[in-house]
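These notes concern the structure reproduced below.
The values are calculated or read from the model by the stated rules, or taken from the named source; none is laboratory data. As the structure is a prediction and not an experimental result, all values here were calculated from the model. Note that we place each Cβ from the backbone using ideal geometry, even for glycine, and neighbour counts take in every protein chain shown. Areas reflect the complete protein model, heavy atoms only, side chains present, ligands, DNA and RNA absent. Shrake-Rupley method; radii C 1.70, N 1.55, O 1.52, S 1.80 Å.
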Amino acid sequence: VLSHAQRAANGLLELGLRPGDRVAIMAGNRPEFLWAYFGALMIGCPVVPLNKWQRGAALKHMFNDCAARAVVIDPDLAPVIAELGELPFLKWRVAIAGPRIAGIDAALADLMLAADREPRVAVENAVGAVGILYTSGTTGAPKGILAHNYEPFLKPLIEACGVGPG
């Protein structure tokens with residue numbers, strides 16, 4: 001897991017992402033989801049998991065609200081993202097599987113060719129939220145719920161494993 005996450009992190013850095021840039025992930029359950037998720041967190045990029053079945057105005061609202069700079073998507077979702085029209089913050093569309101196709105700027109498989117080493121980026125302190133989860137939007141526009149840290153949930157696991165800074 002560490003090897004894949006480091007390679008994804010370094011690939012995302014090579015793509016142009018920097019600490020604080022938000023990375024949306026809109027994909028099904030697969031190992032690559034985890035590589036992209038952990039890789040983004042390793043370089044200080046908050047992750048925004050989005051429901052892969054979300055469409056239209058609600059989805060556009062989520063992209064504009066969270067200001068995602070990149071989205072990692074199942075390749076068949078490229079037309080869904082294209083249908084949203086202009087997304088002023090979004091710069092990179094990354095296919096989670098398969099080669100780069102129309103509507104995709106990069107393939108995760110290509111990013112995973114990056115170095116298997118700790119990313120060379122300074123993430124001394126949290127750059128803000130570690131993630132944003134959206135409500136379903138049943139009472140209005142979906143609302144982004146900020147997760148500022150995972151410590152209350154992960155602290156026992158982290159301590160048991162002896163994980164420390166770096």
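Of note:
- When the residues of segment 68-84 are filtered to those that are open to solvent by less than 40 Å² (accessible area, probe 1.4 Å) and small (Gly, Ala, Ser), the one that is farthest from ILE25 (Cα to Cα) is ALA78.
- Subset of segment 1-16 [under 16 Å from ILE73 (Cβ atoms), of a type in the set (A, V, I, L, M) and crowded, with 24+ Cβ neighbours inside 10 Å]: ALA8, LEU12
- Number of positions in segment 99-116 that are in a loop (DSSP other than H, G, I, E, B) and in contact with a strand residue (DSSP E or B) (Cβ under 8 Å, 6 or more places away or on another chain): 6
- Any hit, segment 136-147, residues being among the hydrophobic types (A, V, I, L, M, F, W, C), open to solvent by 80 Å² or more (accessible area, probe 1.4 Å) and at pLDDT below 70: no
- Evaluated against (1) open to solvent by 40 Å² or more (accessible area, probe 1.4 Å); (2) not in a loop (DSSP other than H, G, I, E, B), VAL123 falls short on exactly one condition, (2).
- Selected residue [open to solvent by 20 Å² or more (accessible area, probe 1.4 Å) and modelled with pLDDT of 90 or more] from PHE38, PHE63: PHE38
- Complete set of residues in segment 62-98 that are in contact (Cβ under 8 Å) with a residue 60 or more places away in the chain and not in a loop (DSSP other than H, G, I, E, B): MET62, ASP65, CYS66, TRP92, VAL94
- Figure legend. Inter-residue proximity from segment 99-117: first residues surrounded by 13 or more Cβ atoms within 10 Å (Cβ to Cβ), second residues at pLDDT 90 or above and of a type in the set (Lys, Arg), beta-carbon distance below 6 Å, spacing 6+ or different chains. Indicated pairs: ILE104/ARG93; ASP105/ARG93; MET112/ARG7; ALA114/ARG7; ASP116/ARG7.
- Consider segment 87-98 and keep the residues that are more than 16 Å from LEU15 (Cα to Cα) and at pLDDT 95 or above. The one that is least open to solvent (accessible area, probe 1.4 Å) is LEU87.
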